[in-house]
Amino acid sequence: MKGTIVMAVREMVQQQFGKEVWAKSLVAAGIDKEPAIAPSTMIDDKVVIDVIKGFCRTTGKTMQQFADLFGEYWVTQYAQRMYKTFFMGARNAREFLLKMDAVHVAVTRAFPGSTPPRFEYEWKDANTLVMTYHSSRGMMEIFMGLIKGVGKHYGENLQVRRIASNKVEIVFARAA
Ligand code: HEM
């Protein structure tokens, strides 16, 4: 997975929990020397997951608690600085979420061998969207945390509920 994800995890952990907690998370993941990474560095998925688990073990947080913190940080802080252009033209949470499948294809296109998550969309009614998540990584908690983060960014009270192993139902408070 792209280094940009790990850079955002590191920033969030260091800012909200301190450098010590980040260092302990790496140790818990069996990493004794932190390598230098750039947004485009390819990092083994297992290493990324081990570091996140290391953070959970260090802080006593669950994977979903981590994912909610990360999702909010990614959307409201990190992506505002790194990927601002993707927010232009999306006036609300629904417009932004509907762009996410194409955005993931676009941001990984330049990197042969990338396997971005893919999303399918299905409207149950005018305000209820079902998003199906396709990825061999199985990061459902993070998928949900990021959707909640989109709601926070747009100041919308979204109801986000897992309805199947790879499906999330999102109820928008506002009509389109
Ligand atoms: C501007 C906003 C966003 C950008 C630029 C972005 C970009 C990326 C990138 C570059 C990766 C790594 C992919 C790889 O290495 O193959 C990634 C992973 C991921 N993104 Fe996003 N993302 C954004 C928002 C979102 C949102 C809102 C969601 C949820 C609806 C989401 C769901 C995920 C998930 C679940 C992963 C983990 C990898 C996986 O499951 O396979 N992202 N994203």
Ellipticity estimate at 222 nm from DSSP helix runs (n ≥ 4, -39,500 (n - 2.57)) divided over the chain, nearest 500: -15000 deg cm²/dmol
Ratio of the chain's C-alpha Rg to 2.2 N^0.38 Å, to two decimals? 1.03
Pop out the carbon and sulfur fraction of the accessible area of the range 80-136 as a percent, whole number, probe 1.4 Å. 58 percent
Solvent exposure, largest accessible area first (probe 1.4 Å, DNA, RNA and ligands not counted), of 69, 97: 69, 97
Where the only charges are on Cβ atoms (+1 Lys, Arg; -1 Asp, Glu), what is the dipole of the chain about its Cα centre, to the nearest 20 debye? 140 debye
Work out the charge dipole of the chain with +1 on the Cβ of Lys and Arg and -1 on the Cβ of Asp and Glu about the Cα centre, then indicate which of 85, 134, 158 is farthest towards its positive end. 85
Keeping every protein chain in place, order 44, 32, 101 by accessible area at 1.4 Å, biggest value first, i.e. largest first. 32, 44, 101
Under a point spin-label approximation (7 Å from Cα along Cα-to-Cβ), what is the residue 65-residue 120 distance to one decimal in nm? 3.5 nm
Accessible heavy-atom area order of 94, 81, 10, 57, highest first, probe of 1.4 Å: 57, 81, 10, 94
Please express the Cα-Cα pair-distance distribution P(r) of the range 39-81 as a list of whole percents, one per 10 Å bin, running from 0 to the bin with the greatest distance. 26, 45, 29, 0
Residue 139: accessible area at probe 1.4 Å, nearest 10 Å²? 30 Å²
Using only protein heavy atoms and a 1.4 Å probe, report how much of residue 167 is accessible, in Å² to the nearest 10. 60 Å²
Rounded to whole Å², per residue accessible area for the range 89-171 with a 1.4 Å probe reads 51 Å²
Probe 1.4 Å, all protein chains in place: accessible area of residue 141 in Å², nearest 10? 60 Å²
To the nearest µm²/s, what D does Stokes-Einstein give for the range 76-119 at 10 °C and 1.306 mPa s, using the Kirkwood radius over alpha carbon pairs as Rh? 140 µm²/s
Give the lysines whose C-alpha is closer than 19 Å to that of residue 152, dropping any in the same chain fewer than 8 places away, or say none. 84, 99
Once you place label points 7 Å from the Cα toward the Cβ at residue 38 and residue 15, how far apart are they in nm? 2.3 nm
Show me the three semi-axes of the equivalent ellipsoid for the range 1-78, from the C-alpha gyration tensor (sqrt of 5 times each eigenvalue), largest first, rounded to whole Å. 16, 16, 11
Dipole of the chain, positive end: most advanced residue of 97, 1, 49 [Cβ charges, Cα centre]: 97
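The values are calculated or read from the model by the stated rules, or taken from the named source; none is laboratory data. Keep in mind the model is a prediction, meaning the values are calculated, not measured. All Cβ positions, even for glycine, are placed from backbone atoms using ideal geometry, and neighbour counts span all protein chains on display. Side chains are part of the model used for accessible areas, which takes the heavy atoms of the whole protein and leaves out ligands, DNA and RNA. Shrake-Rupley method; radii C 1.70, N 1.55, O 1.52, S 1.80 Å.
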